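Reviewing the structure listed below.
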């Protein structure tokens, strides 16, 4: 069955937007590997989706543990031989982050290590599997706060949202998106950065305008792009976001 079905890996998939991305991809007929730090929590989340008749499986992958990333890639390779979709959803927001004058350097370092370096490590580990797909798709979960243009625009509603580590980590993720899209331009792999909107999750402290299910829609749309897929874009629900 998995020979004909697409295979997707969604990191940070045991709750919030990640869980809803996994659900919606599975509802689209894709075999979804739910990447999680805690296998127990991941298996509980996967059981919920499996009970609804969806083809999902929890696998351990911790963005701060490169051995776990390598093990996950080996597992996917041995079981499926390829990966069709990678959704880099996992990320953190540190309570000690803040404006440049007061942000804890340790918090900024932790945030950059997880949100950017961890995502880079996952992407590099999964690229050989994505190259085995006839049309690989990489979706990087970004945020409008990762836009340098918007951070520098006093008229923007996001202008006062100064979280140096978080914003910088997503700006770096955007750089990964544009550079990787350029590097892979002669391949069938499409790479895009998607800002899902202000979603009510644990990361936002339960604040936001969108439910996790609503926030998952745009990342899922870009994960399912067809043969005419765009690449190297930065988008939010309202349209293109300036870099």
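Bear in mind that the values in this text are calculations on the coordinates, not laboratory data. If you're wondering where the values come from, they're calculated on a predicted model, not measured in any experiment. Glycine also receives a Cβ, built like all others from the backbone with ideal geometry; neighbour counts cover every protein chain displayed.
Things to note:
- Taking Cα atoms only, the orientation of helix 16-27 departs from the longest principal axis of the chain by about 30 degrees.
- Under the Debye formula (equal points on every Cα, no solvent term), log10 I(q)/I(0) of the range 1-117 at q = 0.18, 0.20 Å⁻¹: -0.88, -1.03
- The angle between the Cα long axis of helix 39-50 and the main principal axis of the chain comes to about 70°, on a 0 to 90 degree scale.
- CD proxy at 222 nm, helix term only [per DSSP H run n ≥ 4: -39500 (n - 2.57); per residue of the chain; nearest 500]: -12500 deg cm²/dmol
- Approximating the spin labels as points 7 Å out from Cα along Cα→Cβ, the residue 153-to-residue 15 distance works out to 3.3 nm.
- In plain terms, the chain from residue 28 to residue 185 could stretch by 53.9 nm, reckoned as 0.36 nm per residue minus the Cα-Cα distance.
- Set the Cα radius of gyration of the range 73-129 against 2.2 N^0.38 Å, with N its number of residues, and you get 1.50.
- Enclosing the Cα atoms of the range 98-190 in their convex hull gives a volume equal to 90 cubic angstrom per residue.
- Where labels lie 7 Å past Cα in the beta-carbon direction, separation of residue 40 and residue 81 in nm: 3.7
- Each principal axis of the Cα atoms in the chain has its own extent, and those three values, largest first, are 53, 40, 33 angstrom.
- Residue 213/residue 161 FRET efficiency (R0 25 Å; Cβ-Cβ; nearest 0.05): 0.55
- Efficiency of FRET from Cβ geometry, residue 50 and residue 4, R₀ 30 Å, rounded to 0.05: 0.95
- Counted over the chain, the DSSP beta bridges are approximately 5% antiparallel.
- Segment residue 71..residue 95, full-extension length gain: 5.6 nm, with 0.36 nm per residue of separation and the alpha-carbon distance subtracted.
- Compared with the dominant principal axis of the Cα atoms in the chain, helix 119-131 is inclined by about 30°.
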